[in-house]
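Student: I am attaching a structure below and will ask some questions about it afterwards.
The values are calculated or read from the model by the stated rules, or taken from the named source; none is laboratory data. As the structure is a computational prediction, the values presented were derived from the model and not from experiment. Because the Cβ atoms are built from the backbone with ideal geometry, glycine has one as well, and the counts that use them run over all protein chains shown. Ligands, DNA and RNA are excluded from the accessible area calculation, which covers all protein heavy atoms including side chains. Shrake-Rupley method; radii C 1.70, N 1.55, O 1.52, S 1.80 Å.
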Amino acid sequence: MGAATEKLPLISCGITTCEGCAMELIGRVTLDVLGPKTIILTPPSCSAIITGYGRETGWRVPAFQSNLENIAAYCSGIRVALEVQGKDDVHVVAFAGDGGTVDIGLQALSGAIEREHKFIYICYDNEAYMNTGIQRSGATPLGAWTTTTPAGKKESKKDIVAMLRAQGIPYLATASAGYIDDFRRKVERAKDVDGPVYIHVLTPCATGWRFPPKETVNIARMAVDTGLWPLYEVVDGRLKITRKVKTLKPVTDYVQCQGRFRSIFADQIAQLEKGAEKLYQELLAEEEKA
Amino acid sequence: MPQIKALDGNWAVAEGVRLAGPKVVAAYPITPQTPIVERVADFIADGSLPGARYIAVESEHSALSAVVGAALVGTRVFTATAGAGLALMHEVVGVASGNRLPIVMAVANRALPSPWSLQVDHSDSMAERDMGWIQLYAENCQEALDLVLLGYRLAEEVRLPVMLCLDGFYVSHSTEVVSVPDAKEVAAFLPAYEPGPVCLDPDCPLTINQLTSAGTFTEIKYQHKQALDQALELLPYLGEEFGTHFGRPYAPIQAENCAGADVVLVSLGSSAGTARQVAKELREKGQQVGTLKVTSFRPFPKQAVQTALKDAKSVAVIDRSWGLGSEGPLSLEVKAALYTLPKRPLVTSYVAGLGGRDLSSDTLSKVVETTMELKSQGRSEFEPIWIDVKEGEVD
Ligand SMILES: Cc1ncc(C[n+]2csc(CCOP(=O)(O)OP(=O)(O)O)c2C)c(N)n1
Ligand code: SF4
Ligand SMILES: [Mg+2]
């Protein structure tokens, strides 16, 4: 790559994601931090919109469209083959949605992490299968409408972050599209980790969550401020909250501005709030210990 | 100098892999394939495969995915599987060939469930037959080794993956005398790996495998078809060249005593050796029995099969797979290959040797007898004959 092209963004302009798409923003920031020596993979999902259609691609870095369930296994093979060739200066990145991560892709992800392969897994979480038209995933929160939970989801969001923490991983972080500097710092940190990295970013989706596109960042912030999506990182097992919230905001503020929660029950809101409070206290206590 | 060793089919494959020198191997254990990857893991651990890495993945699905990933950044790769493991890989089988990656994968054939079986039939590899891979079937341990080397050469010439099939237990676990080629001779036949145009390289960024429209999908698949056609054209030459290096030439098919034969036994894999022996014994008794072994099932050597069988009087095709709802895949291919002849031999399709049942000389003699009987009536059987089915065995 010449110096001239290096100045261009590594995701081209005019990508056909929806207006206000947080996933696209996260993709752009990721490559802005990692730079051109990056191989990126996307599974079937909204991130595949960047990977393109026909003769068009959005990437200025090498990219591969994986299957929905095996992106981490491809990353394993790519990393090992790079190491065999002595190419140690290339980042290998999986950029996958929540469905491809917490549901169908969980086995491959867990396997690749257990094998301690060096790769950066970024899960952008829009809390449903958006690309196939808003179906429930394991990451869909309690009470949320999707096309397969027409009366609202009856179960809680799967806590993939806790699962992967339990497995053991050198670097793990949560992030939110509402606090980009925090996300950027975490990707920066991921660069130098000699092993697997998992960053789970909440990326509100105007189309699937039913809110006006201009609200994306506000909603992403509200998720953090209510304690529903606390921001922290775990480095070699030590936890640090990266954005402290003095008093958690009421969950009602968060659900009220999203059409997907139109028919949520009061007791579900209470349950969400209780869960958020409990999680935040646990994180604080753990941080204190560490 | 080649070395003469006593090896079973699995270890013969492993020797072939050692000589071919892949840099990344990823695999998941499954009977009857497991000793291949255990042996290859040993070779990597003891330095016999210098610079290579073994990825002990958590499933076959990830095994094939990992070698696809490694091939995408320009390394020679290997994996192996069997039965249910191959079925689990299915989605990625198409990715490997559609992206034109010259992967070599050994399949120690094992019947697919259900019912569960640990033993051979070809239901596993036959389920993948139209996925755009080259499929080579080894008759014995020597072929298992040789076809690894020939497989890599062919794969890399036409940029297609090769599935090297060896019958579970009858080849994978049978010990035979095998000539292990000399490494220098192998290097003269199989050049060092050259990454192809489909490569993930930050110095030359490409997007690979993205969605395509109806406007280009057909053309991309047509190129894939052409690559298989090219493989079929090339295989006889590479098989000859293999012969000049190692003294054992290969061809897509091996036809013996077919012209004018009353019956030709057509088969794949280990039963081809039994068929040859049965034919020999019957010829000694004055019967005109020929044999045709298909080594390359994909691409299927239609023309060669037609030429070999055109002057036979009748043909018995033995499928070691179920062909449920129709008839066995080998039989369908042979019938299709003969269709354009103005005067066709009689063809009867047989199913035998499923789930590890011995495809014995008795069974094959019975096939010949039945086919002769039909021939004397001037006909063939329209439906497949399950020749070794036992009456009253299962309630
Ligand atoms: C094996 C397989 N099953 C199903 C699909 C169909 N599919 C494509 S994208 C998708 C949903 C992905 O959801 P997620 O990972 O959350 O990404 P998002 O679309 O929300 O960005 C599904 C189910 C597929 N491509 N492959
Ligand atoms: S559906 Fe949601 S995640 Fe997908 S492109 Fe649109 S806004 Fe982005
Ligand atoms: Mg999603």
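Student: In terms of modelled amide H atoms, which long-range or inter-chain residues lie less than 5 Å from the amide H of B:ILE387?
Tutor: For B:ILE387, the qualifying residues are B:VAL351.
Student: Relative contact order of chain B: what whole-number percent is it, with Cα pairs under 8 angstrom and at least 6 residues apart?
Tutor: With pairs under 8 Å counted, the relative contact order is 15 percent.
Student: Using r as the Cβ-Cβ distance of B:HIS90 and B:GLN254, and R0 as 30 Å, what FRET efficiency do you calculate, to the nearest 0.05? The partial results should precede the final answer.
Tutor: Details: r = 30 Å, r/R0 = 1.00.
Here the calculated transfer efficiency is 0.50.
Student: Obtain the radius of gyration and the Kirkwood radius of the protein assembly as shown from its C-alpha atoms and give Rg over Rh.
Tutor: 1.06
Student: Here's a follow-up. Once amide H atoms are built 1.01 Å from N in the peptide plane, which residues 5 or more positions from B:GLN119, or in another chain, come under 5 Å H to H?
Tutor: It is B:ALA111, by chain and number.
Student: With every protein chain kept in place and ligands, DNA and RNA left out, what is the accessible area per residue of the protein assembly as shown? Probe 1.4 Å, answer in Å².
Tutor: Roughly 40 Å² per residue, with all protein chains present.
Student: Can you tell me the dipole magnitude for the stretch B:27-171 around its Cα centre, using point charges on the Cβ only (Lys, Arg +1; Asp, Glu -1), in Debye to the nearest 20?
Tutor: It comes to approximately 360 debye.
Student: Going 7 Å from the Cα of A:THR16 in the Cα-to-Cβ direction, what parts of the stretch A:199-226 have a backbone nitrogen less than 19 Å from that spot?
Tutor: What the label zone holds, given the 19 Å backbone N cut-off, is A:206-208.
Student: Rounded to whole Å and sorted largest first, list the principal axis extents of the Cα atoms in the stretch A:196-264.
Tutor: Sorted from largest, the Cα extents of the stretch A:196-264 read 40, 29, 22 Å.
Student: If Lys and Arg each add +1 and Asp and Glu each add -1, what is the summed charge of the other residues whose beta carbon sits under 11 Å from the beta carbon of A:ILE134?
Tutor: For residues surrounding A:ILE134, the net value is +2.
Student: Rounded, prolate or oblate: which fits the stretch B:17-131 when a ≥ b ≥ c are the square roots of the eigenvalues of the alpha-carbon gyration tensor, with rounded for a/c under 1.5 and prolate only if a/b beats b/c?
Tutor: Verdict is oblate for the stretch B:17-131.
Student: On the Cα set of the stretch A:18-289, report Rg and Dmax in Å, please.
Tutor: Rg and Dmax of the stretch A:18-289, Cα atoms, are 17.8, 58 Å.
Student: Given only helices, namely DSSP H runs of n ≥ 4 each adding -39500 (n - 2.57), what is the per-residue ellipticity at 222 nm of chain A, to the nearest 500 deg cm²/dmol?
Tutor: Taking each H run of at least 4 residues, the total per residue is -10500 deg cm²/dmol.
Student: Shifting gears a bit: Semi-axes of the equivalent ellipsoid for the stretch B:3-246, please: Cα gyration tensor eigenvalues, times 5, square-rooted, ordered largest first, whole Å.
Tutor: Values: eigenvalues 135, 89, 65 Å².
Result for the stretch B:3-246: semi-axes of 26, 21, 18 Å.
Student: With each pseudo-label sitting 7 Å past Cα toward Cβ, what's the A:ASP181-B:TRP116 distance in nm, one decimal?
Tutor: 5.9 nm
Student: In nanometres, what is the gap between the two model label sites at B:GLU383 and A:ALA270, each 7 Å from Cα along Cα-to-Cβ?
Tutor: About 6.8 nm, to one decimal.
Student: To the nearest 100 Å², how much accessible surface do chains B and A hide from each other in total, with a 1.4 Å probe?
Tutor: Adding both sides of the contact gives about 2900 Å².
Student: How much of the accessible area of the stretch B:3-246, probe 1.4 Å, is carbon plus sulfur, in whole percent?
Tutor: Ligands and nucleic acids excluded, carbon and sulfur give 56 percent.
Student: Now, a different point. Over 27 Å between Cα atoms, which of B:LYS5/B:LYS285; A:LYS153/A:LYS249; A:LYS186/A:LYS249 qualify?
Tutor: B:LYS5/B:LYS285
Student: Same structure, new question: Suppose R0 equals 30 Å; then what is the FRET efficiency for B:GLU391 and A:GLN107 from their Cβ-Cβ distance, rounded to the nearest 0.05?
Tutor: Values: r = 45 Å, r/R0 = 1.49.
Efficiency computed from Cβ-Cβ geometry: 0.10.
Student: To continue, here is another question. Within the stretch B:318-361, what whole-number % of the accessible surface is contributed by carbon and sulfur, with the 1.4 Å probe and all protein chains included in the calculation?
Tutor: So the carbon and sulfur contribution to the accessible surface is 56 percent.
Student: Quick one: putting +1 on the C-beta of Lys and Arg, -1 on the C-beta of Asp and Glu, what dipole do you get for chain B around its Cα centre, in Debye to the nearest 20?
Tutor: Magnitude of the dipole: close to 740 debye.
Student: Looking at the square roots a ≥ b ≥ c of the eigenvalues of the Cα gyration tensor of the stretch A:1-132, which shape do they give, rounded for a/c under 1.5, prolate if a/b is larger than b/c, or oblate?
Tutor: Note, shape of the stretch A:1-132 comes out oblate.
Student: Still on this structure, I have one more. Within 10 Å of each candidate Cβ there may be at most 16 other Cβ atoms; applying that plus a DSSP loop requirement, which GluC sites (Glu not before Pro) in the stretch B:308-395 survive?
Tutor: Within the stretch B:308-395, the qualifying GluC sites (Glu not before Pro) (loop, at most 16 other Cβ atoms within 10 Å) are B:GLU381, B:GLU391, B:GLU393.
Student: Identify the residues of the stretch A:195-239 with backbone N under 18 Å of a label point that sits 7 angstrom from the Cα of A:THR252 along the Cα-to-Cβ direction, or state none.
Tutor: A:222-223, A:225-228
Student: In deg cm²/dmol and to the nearest 500, what is the mean residue ellipticity at 222 nm of chain B if only DSSP H runs of at least 4 residues count, each as -39500 (n - 2.57), divided by the residue total?
Tutor: -13000 deg cm²/dmol
Student: Continuing with the same structure: Which one, B:VAL40, B:GLY247, B:ALA56, projects farthest toward the positive side of the charge dipole computed for chain B from Cβ point charges (K/R +1, D/E -1)?
Tutor: It is B:GLY247.
Student: Mind ordering A:230-240, B:78-88, A:72-82 by average Cβ neighbours within 10 Å, highest first? Mind dumping the intermediate values first?
Tutor: Working: A:230-240: 17.3, B:78-88: 26.1, A:72-82: 29.7.
The densest-packed peptide leads the list: A:72-82, B:78-88, A:230-240.
Student: Now for a different question. Between A:GLU286 and B:GLU219, what is the label-to-label distance in nm when each label sits 7 Å out along the Cα-to-Cβ direction?
Tutor: 5.3 nm
Student: Between the helical axis of B:141-158 and the dominant principal axis of chain B, each derived from Cα atoms, what acute angle in degrees is found, rounded to the nearest 10?
Tutor: 60 degrees
Student: Provide a whole-number value for the mean count of partner chain Cβ atoms within 10 Å of the Cβ atoms in peptide A:52-61. Can you show the working numbers first?
Tutor: On the way: counts 3, 4, 7, 6, 3, 5, 2, 4, 2, 5.
Partner-chain Cβ atoms within 10 Å, mean over residues of A:52-61: 4.
Student: Enter the mean number of other protein chain beta carbons within 10 Å of the beta carbon of each residue in B:54-60, as an integer.
Tutor: Mean shielding by partner chains, rounded to a whole number: 5.
Student: I'd like to know which of B:THR291, B:THR307, A:VAL90 lies farthest towards the positive end of the charge dipole of the protein assembly as shown, counting +1 on Cβ of Lys and Arg and -1 on Cβ of Asp and Glu.
Tutor: A:VAL90
Student: Right, another one. Pop out the ³J(HN,Hα) list for the stretch A:134-151 in order, Karplus 6.51 cos²θ - 1.76 cosθ + 1.60 with θ = phi - 60°, rounded to Hz; leave Gly and Pro as x.
Tutor: Karplus-based 3J(HN,Hα) across the stretch A:134-151 equals 6, 9, 4, 10, x, 8, 5, x, 3, x, 7, 6, 9, 5, 9, 10, x, 9 Hz.
Student: If you take every DSSP beta bridge fully contained in the protein assembly as shown, what fraction is antiparallel? Give it as a percent rounded to 5.
Tutor: Restricted to the protein assembly as shown, the bridges split so that about 25 percent are antiparallel.
Student: Would you mind classifying the stretch B:229-380 by shape? Square roots of the alpha carbon gyration tensor eigenvalues, ordered a ≥ b ≥ c; an a/c under 1.5 is rounded, otherwise it is prolate if a/b is larger than b/c and oblate if not.
Tutor: Values: a/c = 1.42, a/b = 1.36, b/c = 1.05.
Taking the square roots of the gyration eigenvalues as a ≥ b ≥ c, the stretch B:229-380 is rounded.
Student: Across the stretch A:240-251, in residue order, what do the Karplus-derived ³J(HN,Hα) couplings come to in whole Hz, using 6.51 cos²θ - 1.76 cosθ + 1.60 with θ = phi - 60° and x for Gly and Pro?
Tutor: So the Karplus estimates, Gly and Pro as x, are 9, 6, 9, 9, 7, 10, 5, 10, 5, 6, x, 4 Hz.
Student: Apply 1/(1 + (r/R0)^6) to the Cβ-Cβ distance of B:GLN3 and B:GLN303, taking R0 = 25 Å, and write down the FRET efficiency to the nearest 0.05.
Tutor: On the way: r = 38 Å, r/R0 = 1.50.
After rounding, the FRET efficiency stands at 0.10.
Student: A follow-up question, please. Is there a quick way to get the dipole size of chain A? I mean about its Cα centre, with the Cβ of Lys and Arg at +1 and of Asp and Glu at -1; what is the value in debye to the nearest 20?
Tutor: On the way: 34 positive and 34 negative charges, 79 e Å.
In debye, rounded to 20, chain A gives about 380.
Student: Whole-Hz ³J(HN,Hα) for each residue in the stretch A:80-97, computed from phi via Karplus 6.51 cos²θ - 1.76 cosθ + 1.60 with θ = phi - 60°, x for glycine and proline: what do you get?
Tutor: Karplus values, whole Hz, x for Gly and Pro: 5, 5, 5, 5, 4, 8, x, 8, 9, 9, 10, 7, 10, 10, 9, 10, 10, x.
Student: Could you list the trypsin sites (Lys or Arg not before Pro) in the stretch B:298-372 that lie in coil according to DSSP, counting only those with at most 11 other Cβ atoms within 10 Å of their Cβ?
Tutor: Taking the stretch B:298-372 and a limit of 11 other Cβ atoms within 10 Å, the loop trypsin sites (Lys or Arg not before Pro) found are B:LYS343.
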